[in-house]
Amino acid sequence: TESLRVSDSGRSWRGVQNVALCSGSGSEFIPDAIAARADAYITSDTRYHDFVDFGRDILIVDTGHFESEICTKSIFSAIVSEKFPNFAVRQSRAEHNPVRYV
């Protein structure tokens with residue numbers, strides 16, 4: 001990803017041992033990540049108020065929606081290829097992030 005949005009509450013990356021992850025838009029699961037005692041939560045589409053409301057309790061990392069999902073393309077391709085060896089799997093090369101960072 002070209003950039004990350006990270007909560008700025010004085011928490012640091014040091015001491016992070018448990019990380020919760022939700023690709024795509026997963027900000028509604030921040031309370032679940034806190035309840036699971038995660039030190040950090042990686043997701044996307046996090047609202048400003050999520051950083052304000054939960055940023056002191058957990059290190060929030062917002063990678064961007066497209067960036068959090070594009071990496072799964074190769075994972076799913078490998079799974080489908082393994083489960084169905086006679087099935088031709090092709091990954092699109094035409095995808096691009098509709099959001100540009102400036």
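Only the coordinates and a few stated rules stand behind these numbers; no lab work does. This structure is a prediction, so every number in the text was calculated from the model and none was measured. In this analysis, Cβ positions are derived from the backbone assuming ideal geometry, glycine residues included, and neighbour counts consider all displayed protein chains.
List of remarks:
- Degrees between helix 72-83 axis and first principal axis of the chain (Cα, 0 to 90, nearest 10): 40
- Cα extents of the chain along the three principal axes, largest first (Å): 51, 34, 24
- Antiparallel %, DSSP beta bridges [both residues in the chain], to 5: 20
- Extension gain, Val99 to Thr1: 0.36 nm times the residue separation minus the Cα-Cα distance gives 34.1 nm.
- Dividing the helix sum by the residues of the chain, where each DSSP H run of 4 or more adds -39500 (n - 2.57), gives a mean residue ellipticity at 222 nm of -8000 deg cm²/dmol.
- Packing-based ranking of 27-36, 1-10, 58-67 yields 58-67, 27-36, 1-10, ordered from highest to lowest mean Cβ neighbour count within 10 Å.
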